[in-house]
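Comments concern the structure below.
The values are calculated or read from the model by the stated rules, or taken from the named source; none is laboratory data. Everything quoted here is computed from the prediction, not taken from an experiment. In this analysis, Cβ positions are derived from the backbone assuming ideal geometry, glycine residues included, and neighbour counts consider all displayed protein chains. For accessibility, only protein heavy atoms count, side chains too; no ligands or nucleic acids. Shrake-Rupley method; radii C 1.70, N 1.55, O 1.52, S 1.80 Å.
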Number of protein chains: 2
Amino acid sequence: MTESRASRVSAIAADGSDLHAGSAVSAEVNSAASSGAKKGRTGKANSTIYDIAKVAGVNPSTVSRALSKPGRVSAKTQKLIEKAAAELNYQVNPFARALPTGRTNTIGLIVADITNPTFFDIIRGAQATGNVRDYTLVLAESAESGATELTVARRLMSTADGLILASPRMNDADIRSLFADKPVVVINREVEGVPCVIPDVRKGIGEAVRSIAANGHKKLAFVAGPAQSWMSARRWEGVQEACEWSGVEVIRLESTKPTVDGGRQVARDVLSSGASAVMTYNDLLAIGLMQELQAAGLDIPDQISIIGFDDIFGADFTTPPLTTVRSPLEACGKAAAARLLDLLHGNGELARTLQVETQLVLRGSSGRSPAR
Amino acid sequence: MTESRASRVSAIAADGSDLHAGSAVSAEVNSAASSGAKKGRTGKANSTIYDIAKVAGVNPSTVSRALSKPGRVSAKTQKLIEKAAAELNYQVNPFARALPTGRTNTIGLIVADITNPTFFDIIRGAQATGNVRDYTLVLAESAESGATELTVARRLMSTADGLILASPRMNDADIRSLFADKPVVVINREVEGVPCVIPDVRKGIGEAVRSIAANGHKKLAFVAGPAQSWMSARRWEGVQEACEWSGVEVIRLESTKPTVDGGRQVARDVLSSGASAVMTYNDLLAIGLMQELQAAGLDIPDQISIIGFDDIFGADFTTPPLTTVRSPLEACGKAAAARLLDLLHGNGELARTLQVETQLVLRGSSGRSPAR
DNA sequence: GCGGGTGTGGCAACCGGTTGACAGTGATGC
DNA sequence: GCATCACTGTCAACCGGTTGCCACACCCGC
């Protein structure tokens, strides 16, 4: 039987070791490409470049070149080999390719929590761009901890060609040390010396605060996110700045956690603050806050206006639908992947920060200040 | 236990050559584990079993065995090698391991759409279980098409040890042909001869319809999902059965697509149907429907009751929050992964269908029939 | 006709593990 | 005391591509 390739009998538990362990989810998207040969049964017996070489009557190395070094072989041989490859329904073995080259055609993406909808669109964007350029995106979760994040990043680094860090929790020095090793692109944070993609909060916030001021609100509360969040700090800065500019008084409230629950918990502080408009660090907080305020009998937006951040999936499920400052998350993911791939292919410009624009999405949860 | 460590980050690109193409997202979750050696600069220069062999003064093959064949080497040598491995901060190269064995410690999961929240919890569950057993989960997207699904499945099959198909669109024969090749587990559908994990719709539907009947509703509309959806058919059957049992009249309405938009579009039919309660194929339809009905001035649940299916993320963001029949999606993901791993390790029971229970989650969108 | 340049293909040595076959060792059995 | 056997470790041949180096052809110009 020709080489049968270790039928998946396997066995072997490969259970965990003392250190490490980890797992991964990886999403693959087809692009075009029919699988080649017709019928299903082409199944298992994958062909190799050796098979192709035999059919085409050339050396395996020539096949390898024909398939991966455009122009290295003559047009005639090229045709020959391509025909044979198609005939045998050949597909490269990614492992075999990765072994000698170290090139895996894989980029890593690390997020704090796979199920956080904020990251959803980032994943999708990065995935889409990777897809186009024939790269696999490997997604890793850091469980919201800077330490595990670094561990995970190092491990991922060993099998991926480059890394995208979305809202990383680890410190700048660690990120730079990763970057020293292989290409890295950071999303939602600015790190000196490392290419970054960040939403330009000012435009969206400016629109939001202007809208608030125009609606007659005099006092705005900002519900902050996690203390270590770079993005939360930027948003707070932006809000302060815009408020100063617009002559709106602003106060800052703290949340326990950036979730729906955290939003509920902050409702009391919001009420006692006397603000007639609220902006929250993210949409989940806004949704929780809105639920709690409505439960307390408040009418939104007639009695209090609420504006979130991000425009996540479900932000328009609420009643009234949530007004929010949209971060173009999918665009961030796309841009980050594109930069990373450029870096990998040497078109690497200097490490420069790329800003993508935010914008206010006006829906029902914000409106005129109650005539008090 | 000791050995193993299989860093299996992997992810595998399955990229390809001219044909093929595709990309993947893979999510990794750390577990515990400090990365081993202290400082950061251990960086790139990965050590190999050859390095360990030199340090420990044994043959590389002995190292290989010590690390992956428990009991094959003497305890003394084992200790020696482990010490050397730890010292060098060794991590197996997953590609090198995969090449000769064909074993990738990777399982594939195919969903129709990565951004569909229904699959979210399935992904998370499968991921969690895979993680525990030291397997990487590779997620592939089929773009809702049976044909691309098969293509993607075949490709994934070549790099994964087994496959999980969530709500597959391809036909039974194709699924069986995949199963003939490597272990496959299907979620949300029953395929003769292939292990399946499906929610037992009856319990949840029974509860829902009983609640509807108890609230005095006489006529229920069921908004169906895609024609080729196995799950939609089961739900319709379940609803019919339960309605017969409870003496509620039921009619079936068709939706254009199983999304929020589809829900909006079906609102007219719902209104003209004269039903006072509606169950929809999934939550997205329910949410869209609710929005449209509310926009038309209807009060929910006072004038019409709405019940969805799945209990996706955001189902409780609505006002009123959505009553829904929860499918334990995360449990499905976990169970499917567990079955697949059992299959891979030979503990494979016969192909049997596993049912997980559904339950009614009573929230605000359903209530008493309007006294008409 | 000869030296030099360019375009092509072959050879063989990797990449880093895995594994079947086998040899050396010591223990055990009779 | 010798054959048997279980236990350990080594040897070497893979897995399937990639790539540096070289050889051979062929074309060119002089």
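Averaged over the residues of peptide A:133-146, the number of Cβ atoms from other protein chains lying within 10 Å of each residue's Cβ is 6. In the complete set of protein chains, residue-level accessible area for residue A:345 is approximately 100 Å², probe 1.4 angstrom.
Our estimate of slack between residue A:303 and residue A:132, defined as 0.36 nm per intervening residue step minus the Cα-Cα distance, is 56.7 nm.
About the centre of its Cα atoms, chain A shows a dipole size close to 1640 debye [charges on the beta carbon of Lys, Arg (+1) and Asp, Glu (-1) only; nearest 20 debye]. The sum of -39500 (n - 2.57) across all DSSP H runs of n ≥ 4, divided by the residue count of chain A, sets its helix-only mean residue ellipticity at 222 nm to -12500 deg cm²/dmol. Specify whether the C-alpha gyration tensor of the protein assembly as shown places it in the rounded, prolate or oblate class, a ≥ b ≥ c being the square roots of the eigenvalues: rounded for a/c under 1.5, otherwise prolate if a/b is larger than b/c and oblate if not. Here the protein assembly as shown falls in the oblate category.
Please work out the FRET efficiency for the pair residue A:252 and residue B:143, using the Cβ-Cβ distance as r and a Förster radius of 35 Å; give the result to the nearest 0.05. Rounded to the nearest 0.05, the efficiency is 0.20.
The Cβ shell under 14 Å around residue A:74 holds other residues with a net charge of +4, Lys and Arg each +1, Asp and Glu each -1. Report note on the peptides B:136-147, B:258-269, A:99-110: ranked by the mean count of other C-beta atoms within 10 Å, highest first, their order is B:136-147, A:99-110, B:258-269.
Taking every protein chain into account, the 1.4 Å probe leaves residue B:49 with about 40 Å² of accessible area, to the nearest ten. Using θ = phi - 60° in the Karplus curve 6.51 cos²θ - 1.76 cosθ + 1.60, the 3J(HN,Hα) couplings for the stretch A:113-126 round to 7, 4, 8, 7, x, 4, 7, 3, 6, 5, 4, 4, x, 4 Hz; x is entered for Gly and Pro.
Close amide H partners of residue A:196, meaning residues 5 or more places away or on another chain with modelled amide H under 5 Å apart, are A:186, A:352, A:353, A:354. Specify the angular offset, from 0 to 90 degrees and rounded to the nearest 10, of the alpha carbon long axis of helix A:172-181 from the longest principal axis of the alpha carbons in chain A. Approximately 20 degrees, to the nearest ten. Across the identical copies, the 7 Å label point of residue B:83, projected outward along Cα→Cβ, sits 6.3 nm from its counterparts, in ascending order. Residue ranges A:119-132, A:219-232 sort as A:119-132, A:219-232 when ordered by packing (mean number of other C-beta atoms within 10 Å per residue, highest first). With a ≥ b ≥ c the root eigenvalues of the C-alpha gyration tensor of the stretch A:200-327, is it rounded (a/c under 1.5), prolate (a/b larger than b/c) or oblate? Verdict is rounded for the stretch A:200-327.
For chain A, calculate the relative contact order in percent as a whole number, restricting contacts to Cα pairs under 8 Å that are 6 or more residues apart. It rounds to 16 percent for chain A.
Taking B:319, B:62, B:280 in turn, the Gaussian network model of chain B (Cα-Cα springs below 10 Å) assigns the largest fluctuation to B:62.
The label-point distance for residue A:87 and residue A:74, in a model that sets each label 7 Å from Cα toward Cβ, rounds to 1.9 nm. In this structure, the amide hydrogen of residue A:108, modeled 1.01 Å from its nitrogen in the peptide plane, lies closer than 5 angstrom to those of A:138, A:161, A:162, A:163, A:164, counting only residues at least 5 positions away or on a different chain.
Remark: the stretch B:63-79, residue by residue, has Karplus-estimated 3J(HN,Hα) of 4, 4, 5, 4, 7, 9, 10, x, x, 6, 10, 5, 4, 5, 4, 3, 4 Hz, where x stands for each Gly or Pro and the curve is 6.51 cos²θ - 1.76 cosθ + 1.60 at θ = phi - 60°. Hey, if you drop one equal point scatterer on each alpha-carbon of the stretch B:209-273 and run the Debye formula without solvent, what base-10 log of I(q)/I(0) do you get at q = 0.15, 0.16, 0.18, 0.20 Å⁻¹? Summing over Cα pairs of the stretch B:209-273 leads to -0.49, -0.55, -0.69, -0.83. Computed from Cα positions, the angle between helix B:283-295 and the longest principal axis of chain B comes to roughly 40 degrees.
Between residue B:46 and residue A:368, the simple spin-label model (points 7 angstrom out along Cα→Cβ) gives 6.5 nm.
Judged by the ratio a/c of the largest to the smallest principal axis of the C-alpha gyration tensor, the stretch B:39-101 counts as oblate, that ratio being 1.5 or greater while a/b is no larger than b/c. Between the stretch A:176-193 and the stretch A:298-372, the C-alpha centres lie 23 angstrom from each other. Quick note on chain B: its Rg to Rh ratio, both from C-alpha atoms and Rh being the Kirkwood radius, is 1.10. Compared with the dominant principal axis of the Cα atoms in chain B, helix B:230-246 is inclined by about 40°. Estimated at the nearest 10 Å², the accessible area of residue B:218 is 150 Å² with a 1.4 Å probe.
Database remark: amide H of residue A:323 closer than 5 angstrom to the amide H of A:308, A:363, A:364, A:365, A:366 (H placed geometrically; neighbours at sequence offset of 5 or more, or on other chains; Pro and chain starts carry no H). Given R₀ = 51 Å, what would the calculated FRET efficiency be for residue A:295 paired with residue A:202, taking r from the Cβ atoms and rounding to 0.05? Result of the calculation: an efficiency of 0.90. GNM on chain B, alpha-carbon springs under 10 angstrom: the most fluctuating residue among B:308, B:297, B:288 is B:297. In a reduced charge model with +1 at each Lys and Arg Cβ and -1 at each Asp and Glu Cβ, the stretch B:140-188 shows a dipole moment near 100 debye about its Cα centre.
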